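This report concerns only the one structure given below.
No lab work stands behind these numbers, since they all come straight from the coordinates. Please read these numbers as outputs of a predicted model, since none were measured by experiment. Ideal geometry is used to build each Cβ from the backbone, glycine not excepted, and the neighbour counts take in all protein chains shown.
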Amino acid sequence: MSRTAQEWKEFYLGSSFAGKYDYNGQLGVEAGKDGTVFRLYSPCAEWVKLRVYHAGSPEEEGLEEDRPYAVYPMSYGKSGVWYIKSCRNLHGMYYDFSAMIDGEEHCFADSYAKACGVNGKRSMVVDLRQTDPEGFEQDRAPEKTDETVICEIHIKDFSWDVSGGFPEEHRGRYLALTDEGTSLYSKDLSRVTGLSYLKRLGITHVQLMPIYDFGSVDEEAALKLHLRGSEEKEPYNWGYDPVNYNVPEGSYSSDPYHGEVRITELKQAIMALHQSGIRVIMDVVYNHTYNMDTPLQHSVPWYFYRMNEKGEPSNGSGCGNDIASEMNMCHKYIVDSVLYWAKEYHIDGFRFDLMGLLDVDLMTDIQQSLDAIYGPGEKLVYGEPWGAAGTHMEKHQVGADKEHMKIVDHRIGMFHDEIRDAIKGSVFYAENGGFADGVADAGVLRDAYRACLGGENSPVHNPGQVITYVSCHDNFTLWDKLSAVARLHTKGDPEEMRLRQNKLCAAIYMTTPGRPFFLHGEEGARTKGGDDNSYCAPVEENAIDWQGLYEHEDLLQYYRGLISLRKRLPQLCYKGEDASSHFHLTCGGAAGIPDGVLVVQSDFEEYPDLFMVYNGSPYQNKIELPEGGFKILCDANSSHYDIPLTVTDEIVVEPVSAVVLQKM
């Protein structure tokens with residue numbers, strides 16, 4: 001009788017398994033001038049065979065099912081690893097494995113695959129040096145700056161719409177990120193799009209939504225229906241459903257059938273971003289998989305997945321399965337994967353989806369491994385400090401959630417939902433407003449701002465661990481949230497107040513210590529028509545409307561000014577653990593400050609004092625200033641004064657606006 005899921009898990013957790021089967025060496029396939037080596041971790045297999053193919057899918061071979069042209073038995077080495085070696089470089093050959101485990105034959109691709117065929121059905125041997133575009137060996141990340149300003153983009157959203165002026169064959173694909181000089185409809189050269197737009201915006205990093213191989217988009221259909229739109233069922237998804245963790249997504253390439261193409265084109269995109277002075281962060285989803293019909297499950301049944309007390313898959317991700325990061329070989333798999341992307345693709349940072357489902361030891365090991373190779377803090381690591389629900393974690397481990405942020409490595413960051421909700425209102429209730437809507441008390445914003453500084457009353461040690469933001473791919477866009485609170489349509493209704501609120505939101509999180517982050521398009525009143533979960537909505541709803549962004553050019557300019565201002569003010573870039581001692585907060589009802597107003601003053605010996613006022617009220621307010629003269633760096637009208645205005649004694653702050661002053 002075959003083992004139950006619980007029996008498998010008990011076997012793995014037994015005292016002898018780890019000592020006998022933990023393995024620290026290379027896994028997967030290595031191909032080069034010295035030949036090709038295949039290594040598979042499957043400690044409970046009775047036998048393992050390597051199956052090889054001429055193409056990446058049966059359909060390409062004119063077949064209805066897998067029919068390998070050759071099958072080779074693999075040899076058992078040690079610690080649960082099977083291997084086979086060829087003296088030839090087998091670059092471009094497709095393969096998978098079959099294994100007899102507990103009386104059942106399993107057929108599966110390679111969990112460590114670095115290339116695959118269409119839709120990830122079969123793995124592909126790849127000599128990675130043959131995938132490097134010209135100049136990639138010399139590619140380096142831009143020099144690290146004192147501040148981090150992150151813009152989140154989705155590969156397809158970024159360039160799909162015709163208004164972006166991208167070459168048709170690049171639209172919705174990696175290669176659009178290599179196009180310089182694109183402009184609105186390729187006509188208005190003053191209104192740049194794409195890479196030139198990002199450079200002009202002034203960001204330091206882009207965060208790419210999932211670019212690993214995911215399961216929710218049919219790559220064959222994506223190629224066939226390229227630019228056809230939702231009426232002809234062009235597939236679209238955000239991609240938070242991993243299939244091959246170490247392979248780029250094929251639907252963003254010009255050819256998903258040949259595994260090397262997607263690798264080269266992604267490298268070209270990363271190199272172009274680097275050459276434009278922009279670092280690249282990868283959104284990674286190691287907390288669950290697309291489904292459980294995976295190489296991880298087939299090669300070592302129930303080892304890589306958590307289960308609850310009932311013997312069912314744990315579902316803290318809300319996706320039907322949770323990865324068991326606390327198991328030693330799963331820990332190794334995730335660390336290996338992160339280090340691979342950093343080395344092979346020159347990735348500069350990692351954003352962890354539902355980081356609260358991954359254990360503290362894993363996250364600390366990831367940060368410390370990256371630091372050891374590339375230097376302390378050279379590679380950013382941050383994530384969502386929560387899960388969708390509780391998870392069943394073995395071995396007395398705890399998750400890297402908000403409650404445990406002070407026991408992970410002190411460089412690991414988290415999205416700060418407290419500052420997000422204080423500024424704009426809860427993400428879970430559409431009409432629930434925040435400070436910028438004139439709804440939340442200034443004390444709520446004060447407490448959230450203070451929590452960003454680190455220290456005793458904060459979930460983090462220092463501001464470097466905080467991502468300050470009000471919008472990301474999840475939930476409403478900022479514009480749609482402001483519209484929902486005001487019970488207005490996203491288009492057509494009076495916009496003046498929402499524009500003021502949008503500017504105030506941006507001014508607050510851009511001048512809060514931490515690492516500013518925003519969803520691409522927030523700077524131009526991006527709307528998704530009020531859809532708060534557009535993960536599989538029509539591409540037209542998700543795609544960036546470049547013309548729509550430029551219809552809000554005043555807002556665009558405000559964001560550019562804020563980003564520039566942020567990078568010029570070392571007070572705001574400060575990441576020390578004593579940050580809370582350098583910022584003094586006073587809100588309405590205290591020291592003569594009106595209701596609905598928060599005042600923040602910085603106090604550094606080596607830098608001029610800042611005096612920042614956030615006015616969420618519908619009233620113009622006069623605020624008394626400390627002694628001495630101040631320069632106005634930002635107010636309701638502008639975030640970039642070529643010749644700063646000066647003020648003494650008091651400052652008049654317009655309704656729903658922010659003012660940033662610096663002592664002269």
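Quick one: order Arg171, Arg140 by neighbouring beta-carbon count within 10 Å, fewest to most. Numbers along the way, then the final one.
Working: Arg171 21, Arg140 9.
Going from least to most buried by this count: Arg140, Arg171.
Using Cβ contacts closer than 10 Å as the measure, can you line up Phe611, Phe428 from fewest to most?
Numbers: Phe611 20, Phe428 9.
In order of increasing Cβ crowding within 10 Å: Phe428, Phe611.
Round to a whole angstrom and tell me the spacing of the C-alpha centers of the stretch 595-657 and the stretch 489-538.
The distance from the Cα centre of the stretch 595-657 to that of the stretch 489-538 comes to 23 Å.
In the stretch 252-358, which GluC sites (Glu not before Pro) are in a loop and have at most 14 other Cβ atoms within 10 Å, using DSSP for the loop call?
Details: sites: Glu260, Glu265, Glu309, Glu326, Glu344; in loops: Glu309, Glu326.
For GluC sites (Glu not before Pro) across the stretch 252-358 that sit outside H, G, I, E and B with at most 14 neighbouring Cβ atoms in 10 Å, the list reads Glu309.
Run the reach check for Lys199 against lysines, Cα to Cα strictly under 27 Å, same-chain hits fewer than 8 apart removed. What comes back?
Here the lysines satisfying the reach criterion relative to Lys199 are Lys144, Lys156, Lys187, Lys267, Lys343, Lys379, Lys503, Lys528, Lys567, Lys575.
If you line up the long axis of helix 259-275 against the longest principal axis of the chain, both from Cα atoms, how many degrees apart are they, to the nearest 10?
Approximately 30 degrees, to the nearest ten.
With a 10 Å Cβ neighbour count serving as the proxy for reagent exposure, in which order, fewest first, do Trp546, Trp238, Trp341 appear? Walk me through the numbers before you get to the answer.
Details: Trp546 28, Trp238 22, Trp341 18.
Exposure proxy ranking, most exposed first: Trp341, Trp238, Trp546.
Among the GluC sites (Glu not before Pro) within the stretch 598-664, which fall in a DSSP loop and have no more than 16 other Cβ atoms within 10 Å of their own Cβ? Let's see the in-between values first.
Values: sites: Glu605, Glu606, Glu624, Glu627, Glu650; in loops: Glu605, Glu606, Glu627.
Those satisfying the criteria are Glu605, Glu606, Glu627.
Using modelled backbone amide H atoms (1.01 Å from N, in-plane), which distant-in-sequence or interchain residues come within less than 5 Å of Met414's amide H?
Hits under the 5 Å cutoff: Gly383, Val466, Ile467.
For the residue pair Asp34 and Glu577, what label-to-label distance in nm results when each label sits 7 Å from Cα along the Cα-to-beta-carbon direction?
4.3 nm
Rounded to two decimals, what ratio of Rg to Rh does the stretch 150-573 give with C-alpha atoms and a Kirkwood Rh?
Expressed as Rg/Rh, it is 0.95.
Calculate, for Lys343 and Lys199, the FRET efficiency according to 1/(1 + (r/R0)^6) with r their C-beta to C-beta distance and R0 25 Å; round to the nearest 0.05.
Details: r = 26 Å, r/R0 = 1.05.
It comes out at approximately 0.45.
In whole Å, how far is the Cα centre of the stretch 98-113 from that of the stretch 349-408?
30 Å
Any chance you could tell me what percent of the C-alpha pair distances in the stretch 45-93 go past 17 Å? Walk me through the numbers on the way to the answer.
On the way: 548 of 1176 pairs.
Considering the stretch 45-93, 47 percent of its Cα-Cα pairs are separated by more than 17 Å.
Between Tyr429 and Phe604, with labels modelled 7 Å along Cα→Cβ, what's the label distance in nm to one decimal, could you check?
Taking the two extended label points, one gets 3.8 nm.
Need one number: % antiparallel among DSSP beta bridges in the chain, to the nearest 5. Don't skip to the answer; put the middle values down first.
On the way: 68 of 93 bridges.
Around 75 percent antiparallel, to the nearest 5.
Within 10 Å of each candidate Cβ there may be at most 11 other Cβ atoms; applying that plus a DSSP loop requirement, which trypsin sites (Lys or Arg not before Pro) in the stretch 581-664 survive? Walk me through the numbers on the way to the answer.
Numbers: sites: Lys622, Lys631, Lys663; in loops: none.
In loop regions of the stretch 581-664 (DSSP not H, G, I, E or B), there are no sparsely surrounded trypsin sites (Lys or Arg not before Pro).
Only helical DSSP H runs with n ≥ 4 go in: add -39500 (n - 2.57) per run for the chain, normalise by residue count and round the 222 nm mean residue ellipticity to 500 deg cm²/dmol. List each step's numbers first, then the result.
Values: 17 runs with 157 residues, N = 664.
Counting only the DSSP helices, I get -6500 deg cm²/dmol.
Sticking with the crude label model, points 7 Å out along Cα→Cβ, report the distance from Gln620 to Glu104 in nm, one decimal please.
My value for the distance between the label points is 7.4 nm.
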